[in-house]
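Notes follow the structure.
The values are calculated or read from the model by the stated rules, or taken from the named source; none is laboratory data. Fair warning: this is a prediction, and the values are worked out from it, not measured in the lab. Note that each Cβ is placed from the backbone with ideal geometry, even for glycine, and that neighbours are counted across all protein chains shown.
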Amino acid sequence: MKRFFRTIVIALLTLEARAVLKKYKPRIVGVAGSVGKTNIKEAIATVLESNYRVHRSTGSYNSEFGVPLSILQCESGWDNPWLWMRVLLEGLGLIFFPNTYPEWLVLELGVDHPGDMQKLIHWLTLDVAVLSRVGDLPAHVEFFDSPAKVVQEKSRILDGLKKDGVFVRLADDPAISAIGESAANLVTFGYHRDAHVRATHERVQYTGGRGSKYPKGFSFKIEHTSGTYPVKLEGVFGAGATYACLAAFAVANSIGIKSESIIRHLERFEGMPGRLRIIEGNKKSVIIDDTYNSSPAALALALGHLHELKYTKRKIAVLGDMLELGAYTIEAHREAGSVAAEIVDILYLVGSRMKFAKEEALASGMAEDDVHWFATAKEAGRILEQDIVLGDVILVKGSQGMRMELVVEEIMAEPDRAHGLLARQSKVWKRR
């Protein structure tokens, strides 16, 4: 019965969403990929808002449920039939009564299983399609025959692009480097020297006195045929934020927004909760909160950023299981332990899969006293809170189901600000 109800609700939401698109005819940006698409979506919306009425996907509403809800500008009804009734009535209101509707929609398009992208672009027509990092071992690979099949499914975003639409693609990921080469309007972004929108001169910005400096943000330059533009962001750092800004520049430039206006609005971009956000920790420590989700590619990026930080005392990584990797689970977690051992001073590991990372970290030379394993994030957070000392920089990362934001809440200096700073702070998530 529950599956039947779900099928009916999806069908009705999709019908209403299609009717809304037909009535208001908004232009649409679709964002796909395995790493960084939510930050990219937010950066694009931030820039487009300077010139247009814009609505972006709420949170990560990127599924056959989430995309219609984003178009209808409604929240999920979760398991409450009465809330779903209200959602459907609000959708009918958009269809049958005059409303001021957004000129642009910026939508995430998620792929968890084979056929997911096809279900979405079957009825969505995109003015701009954006493809971010997929990686050699993408998230959700458990449900596909191979990593190549994940890439193939995500690449189907092009099937939903208008003939004269713009395809914006990351230039740095070999897994997707051949996608869209024949597109009518291809724009690439990244660090690669041949990228149309390129990042250079990236530097972490620090605050504090000698011997006790802390990361506070970062700066970089965007190079484009129209010029070179400095960008400075606070409260966030790393390739994820850089890619988000580059993709937003590429999209906005392609629709005619002036470069100076793009840069001015990009500097207001703060990144999304749980995506390499810088948060003050207890005992004047610094937390790098990357708890929204995890995959091998995303974890490698995060550990790489931790490695690059200077002026710190101890580097600590708190890593939760990476889920939905199927046959690649053991290999990926062993690799995580090996890489972490080369970078961190202390390693906290959460979840049954991270036992493989513990084995590999110890085999790679870490002392047993420096590698700790816990069954739950809450338990890890309580112990870590006691062990923190002045000057620690702590990376916290794991898949969504591991609830690694509970670690951050335990060790942050101002836990009363958790609702505004951390991922998964809704009442529904809090009850889980």
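Restricting attention to region 115-145, the residues that are in a helix (DSSP H, G or I) and either assigned by TED's automatic domain parsing to the domain that holds residue 336 or of a type in the set (Val, Ile, Thr) (or both) total 2. Looking only at residues of region 159-183 that are surrounded by fewer than 21 Cβ atoms within 10 Å (Cβ to Cβ) and of a type outside the set (Gly, Ala, Ser), we find that the one that is nearest to residue 120 (Cα to Cα) is 159. Out of curiosity, is residue 219 among the small types (Gly, Ala, Ser), out of contact with any Ser or Thr (no Cβ under 7 Å at 6 or more places or on another chain) and over 23 Å from residue 260 (Cα atoms)? No. Elements of the type helices (runs of 4 or more DSSP H) sitting completely within region 337-432 and holding at least 2 residues that are surrounded by 14 or more Cβ atoms within 10 Å (Cβ to Cβ): these cover 354-363, 377-387, 405-411, 418-421. Is it true that some residue in region 234-249 is hydrophobic (A, V, I, L, M, F, W, C), farther than 27 Å from residue 392 by Cβ and surrounded by fewer than 22 Cβ atoms within 10 Å (Cβ to Cβ)? Checked region 234-249: no residue is hydrophobic (A, V, I, L, M, F, W, C), farther than 27 Å from residue 392 by Cβ and surrounded by fewer than 22 Cβ atoms within 10 Å (Cβ to Cβ). Among residues of region 117-130 that are among the β-branched types (Val, Ile, Thr), those with a Cβ under 6 angstrom from a residue that is crowded, with 17+ Cβ neighbours inside 10 Å, sequence gap 6+ or separate chain, pair up as 121/160; 128/29; 128/166; 128/251; 130/31; 130/168; 130/247.
Every condition in (1) free of Cβ contacts under 8 Å to residues at least 40 places away in the same chain; (2) surrounded by fewer than 18 Cβ atoms within 10 Å (Cβ to Cβ); (3) over 27 Å from residue 112 (Cα atoms) is met by residue 330 except one, and the failing one is (3).
Could you please let me know if residue 319 is in contact (Cβ under 8 Å) with a residue 60 or more places away in the chain, within 18 Å of residue 136 (Cβ to Cβ), crowded, with 21+ Cβ neighbours inside 10 Å and under 22 Å from the mean Cα position of the chain (by Cα)? Answer is no for this residue.
Would you point out the residue of region 41-69, among those that are among the polar types (S, T, N, Q) and touching a helix residue (DSSP H, G or I) at 6+ places or on another chain (Cβ under 7 Å), that is surrounded by the fewest Cβ atoms within 10 Å (Cβ to Cβ)? Filtering region 41-69 for residues that are among the polar types (S, T, N, Q) and touching a helix residue (DSSP H, G or I) at 6+ places or on another chain (Cβ under 7 Å), the one surrounded by the fewest Cβ atoms within 10 Å (Cβ to Cβ) comes out as 58. For region 349-362, check the following and say yes or no: at least one residue is at negative phi and in contact (Cβ under 8 Å) with a residue 40 or more places away in the chain. Checking region 349-362: at least one residue is at negative phi and in contact (Cβ under 8 Å) with a residue 40 or more places away in the chain.
A count restricted to region 219-233 and to residues that are touching a strand residue (DSSP E or B) at 6+ places or on another chain (Cβ under 8 Å) and either buried (at least 22 other Cβ atoms within 10 Å of the Cβ) or not charged (D, E, K, R) (or both) stands at 9. Number of residues in region 171-209 that are small (Gly, Ala, Ser) and at pLDDT below 95 equals 9. Within the option set 265, 305, being in a helix (DSSP H, G or I), in contact (Cβ under 8 Å) with a residue 12 or more places away in the chain and within 19 Å of residue 207 (Cα to Cα) holds for one residue only, 305. Scanning region 61-72 for residues that are modelled with pLDDT under 95 and either more than 26 Å from the chain's Cα centre (by Cα) or not charged (D, E, K, R) (or both) turns up 61, 62, 63, 65, 66. Considering region 96-119, the residues that are in contact with a helix residue (DSSP H, G or I) (Cβ under 6 Å, 6 or more places away or on another chain) and crowded, with 19+ Cβ neighbours inside 10 Å include one that is farthest from residue 166 (Cα to Cα), namely 111.
To keep it simple, each residue is scored yes or no on (1) in the same structural domain as residue 282 (by TED's automatic domain parsing); (2) closer than 28 Å to residue 326 by Cα; (3) touching a Leu at 6+ places or on another chain (Cβ under 6 Å).
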position	(1), (2), (3)
360	yes, yes, no
371	yes, yes, yes
388	yes, no, no
391	yes, no, no
394	yes, no, no
402	yes, yes, no
413	yes, no, no
419	yes, no, no
425	yes, no, no
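Test residue 112 against the stated conditions and say whether it is outside any helix (DSSP H, G or I) and free of Cβ contacts under 8 Å to residues at least 24 places away in the same chain. Answer is no for this residue.
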